[in-house]
Ligand code: AMP
Ligand code: ZN
């Protein structure tokens, strides 16, 4: 039986923008009803910044949407915990080595510290964990095997204890290095200086599959080519194909990973297995601040906790993580999003309105009106069209606001709805808000409420005393005391102590 995306009697078609073809395509999974999805994970040598969070959140929304639409998804997101090569291949510039020196920690202590931080941050924004979260260091054997296979097939060569992928050989065999990033190989050769590899490579565009470890390099493994460590691009090929197969459905990551990382993954996959490793390449766009890409290296970044705690110089107040999530989802994953104080304030307003509407809707228990003057069926159809049109979250949210408008009017007695439509609207709206968008209701701050209530009681007691109604004022004081709240009259007025 063919898997069909259905709600009620309507068949839906999911369209996904494929970065490889540059077109929105109808999604056809390899295995009916199942999706294999791989997303490049973080390099855990420092805290993730808010920009990194945006990319992971975009794919969390995609994962949630696929699941909601009925697909059984195997979602794999790796942890890059082995040396991440730098442009010049100098050990002193290896991000892990640098950080171990700076923090005076073992490499695996660095890995553990920032992996824990990464999970905490994603949990705070209500991201679901992937089904498999493999680490690069846990897949060294697979990476060595892949390197051997590439050498055997003539796509890679050893040079001074390192192994490089031979890009020119790849192209000679009719394959096309540059197909994803739309780069021309001649141009690439002309414009690249040989920084990495320092004379070891046949061509400057060749990339490392295995790198010889210098004596200063702490993270090192034995290999047929001596002690060394794997190349960054290879780890994703090793882990994605191990858990999802030689060709799988979706590969995601931030836009900046298209070249060289994903270009190299395609080359490695095709050279090894003779087939393109991925059917749909998806790239999430960047988060900017002050109209510049958020990035640690330029200093233009904010850490998630700084935004949530309010401890920063850029935003006028603290924002709840779910407001940040809502703000991110108000932009399509393929659009650039500029985070600003105004954008966050607007998102907070919108979120509050939406949540008020759901609360009202969920409190309407029964309804004896027969007629609906809100076409739930039509509304659902439009909302699903947005979701299945390359996961268009801003349009989906616009439809949710349309429903919210109706709910407020319903609450004011200006609109009516049938029982059947009411139930349908309730379940669909709740599913979109909580399951698909992954938003969370913000718990009211009980301490604030208690303080406000006590201030009211203190004011009433003062009024009673002014009008010499001491019986009432004493009653207020004694009853509060019985509840463990002691009122203290001082020169500056009355305060309270919670016992
Ligand atoms: P990294 O740990 O540097 O490999 O980055 C983790 C993920 O964050 C990658 O998918 C990057 O593409 C993504 N990323 C980095 N900077 C930004 C940004 N400013 N906005 C959105 N995603 C980003
Ligand atoms: Zn990757």
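Here are some notes:
- Counted residue by residue at 0.36 nm each, then reduced by the alpha carbon distance between them, the extension gain from residue 495 to residue 275 reaches 71.8 nm.
- Three-way shape call for region 270-402 based on the alpha-carbon gyration tensor, with the a/c threshold at 1.5: oblate
- Spin-label pair residue 222-residue 292: with each label point 7 Å from Cα along the Cα-Cβ axis, the two points sit 4.9 nm from one another.
- Estimated FRET transfer efficiency when R0 is 25 angstrom, pair residue 420-residue 32 (beta carbons, to 0.05): 0.20
- Backbone N within region 469-499 under 14 Å of label point (7 Å from residue 462 Cα along the Cβ vector): 488-496
- Panel order for 100, 237, by other beta carbons found within 10 Å of each beta carbon, from fewest to most: 100, 237.
- For the pair residue 316 and residue 67, label points projected 7 Å from Cα toward Cβ lie 3.7 nm apart.
- Residue ranges 165-178, 262-275 sort as 262-275, 165-178 when ordered by packing (mean number of other C-beta atoms within 10 Å per residue, highest first).
- Legend: translational diffusion of the chain by Stokes-Einstein, Rh = Kirkwood radius over C-alpha pairs, 20 °C, 1.002 mPa s; D = 82 µm²/s.
- Modelled label reach - residue 242, point 7 Å along Cα→Cβ, region 136-163 residues with backbone N closer than 15 Å: 136-148
- Sites residue 203 and residue 382 - FRET efficiency at Förster radius 35 Å, r taken between beta-carbons, to 0.05: 0.10
- Legend: translational diffusion of region 113-261 by Stokes-Einstein, Rh = Kirkwood radius over C-alpha pairs, 10 °C, 1.306 mPa s; D = 92 µm²/s.
- log₁₀ of I(q)/I(0) at q = 0.19 Å⁻¹ - region 108-162, Debye sum with one point per alpha carbon: -0.79
- Helix-derived mean residue ellipticity, 222 nm - over the chain, DSSP H n ≥ 4, -39500 (n - 2.57), to 500: -13500 deg cm²/dmol
- Cα Rg, Dmax, region 7-156, angstrom units: 18.9, 62
- Annotation: extensible slack from residue 340 through residue 451 equals 36.8 nm (criterion: 0.36 nm per residue apart, minus Cα-Cα distance).
- Based on alpha carbons, the Rg and Dmax found for region 361-414 are 12.9, 39 Å.
- Using a simple spin-label model with pseudo-atoms 7 Å out from Cα toward Cβ, residue 469 and residue 214 lie 8.4 nm apart.
- In summary, region 405-499 shows an alpha-carbon radius of gyration equal to 1.83 times the 2.2 N^0.38 Å reference for compact globular proteins.
- Theoretical FRET efficiency, 1/(1+(r/R0)^6), r = Cβ-Cβ of residue 11 and residue 349, R0 30 Å, to 0.05: 0.20
- Expressed as a whole percent, the proportion of Cα-Cα pairs in region 216-347 lying more than 17 Å apart is 69%.
- Of the peptides 389-399, 200-210, the ranking by mean beta-carbon count within 10 Å, highest at the top, reads 200-210, 389-399.
- Order of 109, 444 under a 10 Å beta carbon neighbour criterion, fewest first: 444, 109
- Computed P(r) (all Cα pairs; region 348-486; 10 Å bins; percent): 10, 30, 19, 13, 16, 9, 2, 0
Quick note: the coordinates plus some simple rules give every number you see, no bench work behind them. Everything quoted here is computed from the prediction, not taken from an experiment. Virtual Cβ from ideal backbone geometry, glycine too; neighbours counted across all protein chains shown.
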